[in-house]
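Beneath this line is the structure, given in structure tokens, with notes to follow.
The values are calculated or read from the model by the stated rules, or taken from the named source; none is laboratory data. Predicted model only: the values in this text are computed from it and were never measured. A quick note on method: Cβ atoms are made from the backbone with ideal geometry, for glycine too, and the neighbour counts reach across all protein chains shown.
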Amino acid sequence: MKFIMTDDKLLITELVLTAYLYNQSDKLGVDDLPNKIRKHYWNEKEATVRRPIYVTEGDLTAIYGLENVKNTAKTLPFLEFEEFGSQIKLTVFDLGAKWLSKHTEAVERIDSNPVLASYFENYDSIPVSYEKAKAMNTPKENGREWINSLVKAIESEKGSEEMLKLVHIVAPEDVRQNLKDLVLTKSQEGEIEKIAKAIQYRDYLKRIGLREIGKLLFVGPPGTGKTSIARALSGKLGIPIVEVKLSQIADQYLGETAKNIDRVFELSKRLKPCILFIDEFDFVAKARATDEHAALKRAVNTLLKAIDEISLVEHGVLLIGATNHPAILDHAAWRRFDEIVEFNLPDKDMRKKILDIVLRDIEGKFDTIEISEKTEGYSGSDLRMIVREAVLTGLITERTVLNQQDLLQGVVEFNRRIPLKSKDENPNENNPARYR
């Protein structure tokens, strides 16, 4: 998008004044810089934005997409353009601040820029607030730059390569799942709210000695949203998520499994605050049940000990375990978690809500009540597969506007390709196969 000339002047002035104030004040930190500015000037090696910030023509093009910066900057009486290095310098701060304050359009930008708001909230009755701007601004932990800096620092350490191979680290800004797009039960919503408050009041919980908080076990069939909610929590809380499949860190032949587990937990503490999401937690039970591999059994004991010793309050790590097979978990595994969150297959009302969300950007007329009635026993993931089939069927005939018949055909295709669980299977039987 190309801004008009007045917008160009405002943006140039915003960046120059932001740089000046950030350079001058030791009370302002990197989290006070607006996201775009912080990303552009981020120093990966030092994991911060170094002072002083210099503003160049290239910076303004990269951050705001501005063109003809040189000529625009020269029209502002408080700026000086240096040909050498294409640097834009502020000559008279007071004049620049006064110019910006006189533009009504600038107020909104100031009110979303903590650096500027910290100065202008006490300037000539401009209706802006530093606290409001700071609350709206995403912290550095939300960005991939912060994660990359931490990973780079860890990579420089001896033996760290193996540790990083074990996990998948996702920055909050890269999380695609959004809690608003997920259909949750009241119980799930309640647990999420409690965890959000626990993170917000970590210092208080630490002060009163309440440390056994923040270890959740997600239990339920595949496709019911365990991983999606864990990732969405990352986005909501603005902290990275460290994902690991328990079976993948097992190395029974080389005897490295116990070390791998220690490495994963150590990495999580280094990335704090973060979510450590351990999938396939039932692997613990499988390992404890076998007599064949003593090294694997030792690894399980290492895992249980590591869970005991990690804390959301002390270490800033929210631990989430997930299992499709709760029936085979023994007491030693269950008692490590302070909260058990159930993920059952969605009922008819939830299925309709899921379908409504998945179909909201697809043009066409649909009766999601009918589809929800025909999909008893389907997971949320299954419903998304049905919609995918309907979309692909439409594309085959060059159609981007779908209809109810496309969805019904999607159900048929899904049933043909992915068999439903056996009708005569006892749902109360301790049989992992029932979790398809």
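Report yes if some residue within region 222-230 is more than 22 Å from His325 (Cβ to Cβ) and either β-branched (Val, Ile, Thr) or surrounded by 20 or more Cβ atoms within 10 Å (Cβ to Cβ) (or both); otherwise report no.
No, because not a single residue in region 222-230 is more than 22 Å from His325 (Cβ to Cβ) and either β-branched (Val, Ile, Thr) or surrounded by 20 or more Cβ atoms within 10 Å (Cβ to Cβ) (or both).
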Item to check | Those residues of region 42-86 which are in a strand (DSSP E or B) and of a type in the set (A, V, I, L, M, F, W, C), in sequence order | outcome: Leu79, Phe81
Checklist entry - Mind checking which residues of region 178-193 are charged (D, E, K, R) and without any contact (Cβ under 8 Å) to a residue 60 or more places away in the chain? => result Lys180, Lys186, Glu189, Glu193
Checklist entry - Which of the residues that make up region 22-41 are buried (at least 21 other Cβ atoms within 10 Å of the Cβ) and either assigned to a loop (DSSP other than H, G, I, E, B) or basic (Lys, Arg) (or both)? => result Leu33, Pro34, Arg38
Checklist entry - Out of (1) among the acidic types (Asp, Glu); (2) surrounded by 14 or more Cβ atoms within 10 Å (Cβ to Cβ); (3) in contact with a strand residue (DSSP E or B) (Cβ under 8 Å, 6 or more places away or on another chain), what's the single condition that is false for Glu121? => result (3)
Checklist outcome for this item: Cβ pairs under 8 Å, 6+ apart or interchain, first in region 330-345 and in contact (Cβ under 8 Å) with a residue 40 or more places away in the chain and farther than 14 Å from Asp282 by Cβ, second among the aliphatic types (A, V, I, L, M) and in a loop (DSSP other than H, G, I, E, B), ordered by first then second residue, are Asp338/Ile213
Checklist entry - Which fully enclosed helices (runs of 4 or more DSSP H) of region 111-163 have 3 or more residues being over 30 Å from Gly96 (Cβ atoms)? => result 144-155
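Kindly establish whether Asp382 is under 19 Å from Asp349 (Cα atoms) and either of a type in the set (Asp, Glu) or touching a strand residue (DSSP E or B) at 6+ places or on another chain (Cβ under 8 Å) (or both). Please lay out each step first, then the result.
Details: under 19 Å from Asp349 (Cα atoms): yes; either of a type in the set (Asp, Glu) or touching a strand residue (DSSP E or B) at 6+ places or on another chain (Cβ under 8 Å) (or both): yes.
Answer is yes for this residue.
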Checklist entry - Mind checking whether some residue in region 361-368 is out of contact with any helix residue (DSSP H, G or I) (no Cβ under 9 Å at 6 or more places or on another chain) and within 20 Å of Gln177 (Cα to Cα)? => result yes
Next on the checklist: So for region 190-199 (the condition being within 23 Å of Asp338 (Cβ to Cβ) and either outside the structural domain of Phe281 (by TED's automatic domain parsing) or among the basic types (Lys, Arg) (or both)), does at least one residue qualify?
Outcome noted: yes
Checklist entry - Where in region 323-436 are the helices (runs of 4 or more DSSP H), entirely inside, with at least 1 residues that are out of contact with any Leu (no Cβ under 7 Å at 6 or more places or on another chain) and at pLDDT 90 or above? => result 348-359, 368-373, 380-396, 404-417
